[in-house]
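S.K.: What follows is a structure written as structure tokens; I'll ask about it next.
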Amino acid sequence: MRDQRDQHPWRLGPRGRRWLDGLLVAFVIVVGGMGHVVTGQPVATAFTVAEALPLLWRRRHPWTVFLTVAAVSALQAWAYDQPAAGQLAFPIAVYSVARWSPRWQGVTALLVGYVGALVAATRWLYGFGAGDLSPSNLAPYTVTIGAIVTAAWALGSAAQSRERYVASLVARAEQAERMAEREVELAARDERSRIAREMHDVVAHGLSVMVVQADGARYAAAKDPDVAVGTLETISATGREALTEMRRLLGLLREGDTGVAPQPGLDDVRHLVDEARASGMRVAAELPEPAPDVPDGVGLAAYRIVQEALTNVRKHAGPDAAVDVRVAVDRGVAVDVRDDGRGAAARADGRGLGLVGMRERAAVHGGTLEAGPAPGGGFAVSARLPL
């Protein structure tokens, strides 16, 4: 997660904003008020203080501050007929409303400012002793004051629009970041599921072969030691192969090259058949020779489906079960594994992942898999993987 300072534009903190508002109020009061004191205008000094002080709360309560400043300015126009430094607070209040208040309040402040510009221009002409209130005399004052109010409102409105735009960009960036994190999490979950399926197939197949071979070696050791030696060699080779595949799968969890053999493919199905025959299983196979080139993922899926199907035969079909393995490649890869044992009637422990894993492998490549009791007895697995 990135630091929040990298996500948001630079801006004053709470302490900096308080200092800025305090300095602004101090400038209006000290510079303007002291000028009125020097020129002997105590009324102007009082109005300057009354108009400037509310600006300390202009960020938290901009509308209330504006109404207060506008009321004091109206009172000043009635009680005092000359400009005062405190009237600088009026455009600042208009800016604050346009900056931090709803849009309708900003527009209202702008219209009030236009009315105030006309009132102030009229009052000042009386104060300066100009009795002629013709448009030619009123226009310069009114337009000047109105321009100042308009500029303050425009700056505040633009700042509010920019803040909303920046906030929307930040919100979209944060949403995109959350979505990216979610996608990474989902990808990691899918990868863990894939590795779990691979580990299940490797361990279940390897151990089932080793158990069958070990049982055979135990019985053969007493009668024919040579057969036992060959069986033990098969057990050793199967164990090494399983360890090699497990190292490859565990290497997927680490960064960098795993340094082990590539994943098995369609041409390795023949090795599964030979291994099953060596373990004593009766296997009839119809495999393409030579194995055609298919995408690596499809080849691996076909290999794992055959591997898991043979493992289930060893576990559930019972002794002396015969298996028929067929693999064909045309517009897709067709895999059929059927046995004549009692696998369909075997009692499952409810914890197996084999059939679920085979269906998931087929679905990943847009294929289908059917598994269930075969007509006439036994169990059949049929998968179709499009190319």
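The values are calculated or read from the model by the stated rules, or taken from the named source; none is laboratory data. Small disclaimer: the values here were computed from a predicted structure and weren't measured. In this analysis, Cβ positions are derived from the backbone assuming ideal geometry, glycine residues included, and neighbour counts consider all displayed protein chains. Only protein heavy atoms, including side chains, enter the accessible area calculation; ligands, DNA and RNA are left aside. Shrake-Rupley method; radii C 1.70, N 1.55, O 1.52, S 1.80 Å.
S.K.: Suppose we look only past 13 Å in the calculated P(r) of the range 287-336. What percent of the Cα-Cα pairs does that tail hold?
M.R.: The calculated P(r) of the range 287-336 puts 61 percent of pairs beyond 13 Å.
S.K.: Here's another thing I want to ask about it. Return the distance in nm (one decimal) between the two label points of a simple spin-label model at ALA158 and ALA79, each offset 7 Å from Cα along Cα→Cβ.
M.R.: 3.7 nm
S.K.: Also, quick follow-up: Just by accessible area at a 1.4 angstrom probe, what is the order of THR48, THR144 from largest to smallest?
M.R.: Ranked from most to least accessible, the order is THR144, THR48.
S.K.: Let me ask something additional. Which value, in Å² and to the nearest 10, is the accessible area of VAL94 when all protein chains are kept and the probe is 1.4 Å?
M.R.: Probe radius 1.4 Å; accessible area of VAL94 about 0 Å².
S.K.: Which sequence of ASP324, ASP190, ASP330 reflects their accessible areas, 1.4 Å probe, from the largest down? Write down the numbers at each step before the final one.
M.R.: Working: ASP324 50, ASP190 100, ASP330 130 Å².
Descending order: ASP330, ASP190, ASP324.
S.K.: Using θ = phi - 60° and the Karplus relation 6.51 cos²θ - 1.76 cosθ + 1.60, list the HN-Hα couplings for the range 306-322 in order, rounded to whole Hz, with x at every Gly or Pro.
M.R.: For the range 306-322, the Karplus curve yields 4, 4, 5, 5, 5, 4, 5, 4, 4, 7, 10, 6, x, x, 6, 7, 9 Hz.
S.K.: With every protein chain kept in the model, how would you rank ARG60, ARG17, ARG189 by accessible area, 1.4 Å probe, largest at the top?
M.R.: Values: ARG60 165, ARG17 75, ARG189 105 Å².
The residues order as ARG60, ARG189, ARG17, largest area first.
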